[in-house]
1. Tally time: how many residues in segment B:70-96 are closer than 21 Å to B:Leu145 by Cβ and either surrounded by fewer than 21 Cβ atoms within 10 Å (Cβ to Cβ) or of a type in the set (A, V, I, L, M, F, W, C) (or both)?
2. Please go through segment B:33-51 and pick out each residue that is buried (at least 19 other Cβ atoms within 10 Å of the Cβ), under 19 Å from B:Lys90 (Cα atoms) and in contact (Cβ under 8 Å) with a residue 12 or more places away in the chain.
3. Given the residues B:Ile39, B:Ile54, which is the only one that is among the hydrophobic types (A, V, I, L, M, F, W, C), more than 9 Å from chain A (Cβ to nearest Cβ), assigned to a helix (DSSP H, G or I) and over 17 Å from the mean Cα position of the chain (by Cα)?
4. I need every pair where a residue in segment A:41-65 that is free of Cβ contacts under 8 Å to residues at least 60 places away in the same chain has its Cβ under 6 Å from the Cβ of a residue that is part of a helix (DSSP H, G or I) and among the hydroxyl-bearing types (Ser, Thr, Tyr), sequence separation at least 6 or different chains.
5. Please note which helices (runs of 4 or more DSSP H) are completely contained in segment B:75-161 and include at least 1 residues that are over 21 Å from B:Phe26 (Cβ atoms) and within 11 Å of another protein chain (Cβ to nearest Cβ).
6. Just checking, how many residues over segment A:86-123 are more than 14 Å from chain B (Cβ to nearest Cβ) and exposed (fewer than 14 other Cβ atoms within 10 Å of the Cβ)?
7. Need the failing condition index for B:Leu126 against (1) surrounded by fewer than 17 Cβ atoms within 10 Å (Cβ to Cβ); (2) over 17 Å from A:Thr70 (Cα atoms), just the number.
8. Considering only residues that are in a helix (DSSP H, G or I) and polar (S, T, N, Q), look in segment A:2-53 and name the one that is surrounded by the fewest Cβ atoms within 10 Å (Cβ to Cβ).
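Laboratory data are not the source of any read-out in this text; all were calculated from the coordinates shown. Bear in mind the structure is a predicted one, so any value in this text is a computation, not a measurement. Cβ coordinates were reconstructed from backbone atoms using ideal geometry, including for glycine residues, and neighbour counts include every protein chain displayed.
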Amino acid sequence: MENLIIHTSPETPYFPRVNFNYETGVCEIIGESFMEETYKFYAPLMAWLEQYIAENKKVVFNIKLTYFNTSSSRSILDILDLLREYSEKGGDVEVFWYYDPNDPDMEDEVEDFRIESGLDLKLKTFK
Amino acid sequence: MKKKARPLPSMSRKFKNVIAYEGPFFIHILTVFSKYVKILTRDYPDASKKIYKIFFELTQNITYYSAEINEINQDNRTGVGKFSLDEDEKYYYFSTTNRVLKEHGEILKNRCNYINSLDSNNLRELKREQRILSQGEKLGAHIGLMQAALISNFALKVEIRKINREYSMYTLMVTLDKI
């Protein structure tokens, strides 16, 4: 299984950078996410994760998004649901949500995801 | 508790326009304007972050749902409308306007009124419920209006103006504290 890497570019600033590492199990989504037809972008990420967790490996999922639209938030919830299901089956999962402490709304947003997904999302501030 | 909405910018001479646009809402155009929105509001960092988020929620609603369509080819079509960011001493006012089917105007107005009737906790709960229930496919999560109301912490202001027997113009305005 190969790493999943998606680079962002000035022409497509609405796609976040993605780095899912098969060897380490560290999976990161970084930047901003406000593309149209969000599911088309997130479907390969879900597929990669489904294949990866089928091998019963540890997942460290880092969400480092400074902005995401509500359409992206639905796809992010799908990822969190998948990770929760894996965790409930005994999978080793840690999810870290990085946020800007000066963003007046992000903590509430993460709290909502915590309630919806049932996952223990660990908050970390951007350095 | 949400605060009451302020009047629409067109109703007062005290408002000053910060930036406005009318035309097709292609994502590349919105991306360029979003950068200017950030720059033009940077004196008020909290408000600036909120406007940036609301900007995409409301403009992308026009992208998806406007009844007026701009079509370059089959794969490249988008909604047409306008947005305006205005300000006075204390507040920013972000508004979007687009054409809607007459019957959709009433639905949108009722939806906004319902959102305005809820306090923040109940609105967050509704947003969570809707997000889980939404299909999450082509048209997103259907929680953009709720998100805009939560971020602004003011009531949404809606104006429906009849154009003809079939269509209305739908204006939605969100108010934000500068500080």
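1. Narrowing segment B:70-96 to residues closer than 21 Å to B:Leu145 by Cβ: B:78-86, B:91-96.
So of that shortlist, the ones also either surrounded by fewer than 21 Cβ atoms within 10 Å (Cβ to Cβ) or of a type in the set (A, V, I, L, M, F, W, C) (or both) come out as B:80, B:82-83, B:85, B:91, B:94.
Number of matching residues: 6.
2. B:Val37, B:Thr41, B:Ala47, B:Lys50, B:Ile51
3. On the way: B:Ile54 fails: over 17 Å from the mean Cα position of the chain (by Cα).
Exactly one residue qualifies, and that residue is B:Ile39.
4. Hits for this filter: A:Tyr42/A:Ser75; A:Ile53/A:Tyr86.
5. B:120-133, B:144-152
6. Adding up the residues that qualify gives 6.
7. (2)
8. That would be A:Gln51.
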